[in-house]
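Shown next, in structure tokens, is the structure this report addresses.
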Amino acid sequence: MVEVTSGKDFSLSSWMDIGDQQYLKNETEFIYLPANLYAAEWIKLSEKHADFSFTMNREADVFVGLKNTNSTSYPGFEDTKTVVENSERQRFKVYRKRFSIGSKVNIKGDASMVAIVPPSNLEPAYDLKTVTSYKATDADFKGKDIIKEDFIGKPRVVFNSAGGGVLEFSISVGVADTYSLTIKYHNPFDKPLKAKLEFLSADGTVMKTENAEFAATKDGKWNYYNTNTGSMINAGSYKLRIIATESKGLYIDALDVQ
């Protein structure tokens, strides 16, 4: 969709996905992407790069991820109200502009992500849904051996026994749609920990169950478990339960809903 010459500061990539290295010659990975950027064509940048430009081979939307939310380097770009997040827990606000075939796109040195997506006739997801974070310490604790504990400098929630504890998040959504659910966690062991997830309506009806496996986490870091509501849900209130099964030592920090 674009004509760009690969060089030491950037290269053209395809099929953007979680787990891709965000930068050239850097181990930092994408751990969260807006739904409309999955499988996108994208330009992998050096973490520090010079200004550059490329030419559009067809009409498409160009998305730019920026650390500096007050950037004025991209006139005509709109705030999509979504973010890209990497394994260093850095978040980049995503901006978008549609370009016609033959247009020249100028990218400044402050860009941390560039993606190119063909136009869609569907109403874009970023117009409908923003990311809402729910802290685990504000959720309801049910059962036994689930407590608040300081970890990596802040209060978190930890399961202190393999089973018997339930962490219940109460969430609200304003638009009928399918929503992604991302659990931020830390597993300090060298083997996976397990739990059962239940997604419920406000009246307690179980709408989805799932057996979750939480991979080992590096010291001082966080991992992310990604799932979704399973089907379209109406606007309203819902609950997500994390039910301990083989969960002793599992830390939970937050639930992101989009």
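So the values come out like this:
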| item | result |
| --- | --- |
| Separation in nanometres of the label points that stand 7 Å from Cα toward Cβ, at E88 and K142 | 4.0 |
| Computed over the chain: relative contact order in percent, which uses C-alpha pairs under 8 Å that are six or more apart | 18 |
| Surface/4 estimate of mean projected area, convex hull on alpha-carbon atoms of the range 132-257, nm² | 6.9 |
| Residue range of the chain that is longest and free of GluC sites (Glu not before Pro) which are both DSSP loop and sparsely packed (at most 14 other C-beta within 10 Å) | 89-258 |
| Virtual spin-label span in nm between A176 and T55, 7 Å along Cα→Cβ | 4.7 |
| Label-zone membership for the range 159-184, site T245, 7 angstrom Cα→C-beta point, backbone N under 15 Å | 162-167 |
| Furthest towards positive pole of dipole, A39, G19, S100, structure part the range 2-123, Cβ charges | S100 |
| Extension reserve of the N226-D110 stretch, reckoned as 0.36 nm per residue once the Cα distance is removed | 38.9 nm |
| Answer label for Cα extents along the principal axes in Å (calculated), chosen among [x] 56, 36, 32; [y] 62, 39, 29; [z] 72, 43, 29 | [y] |
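Any read-out appearing in this document is the output of simple, stated calculations on the displayed coordinates, not a laboratory observation. Remember, predicted model here, so these are calculated numbers, not experimental data. Note that we place each Cβ from the backbone using ideal geometry, even for glycine, and neighbour counts take in every protein chain shown.
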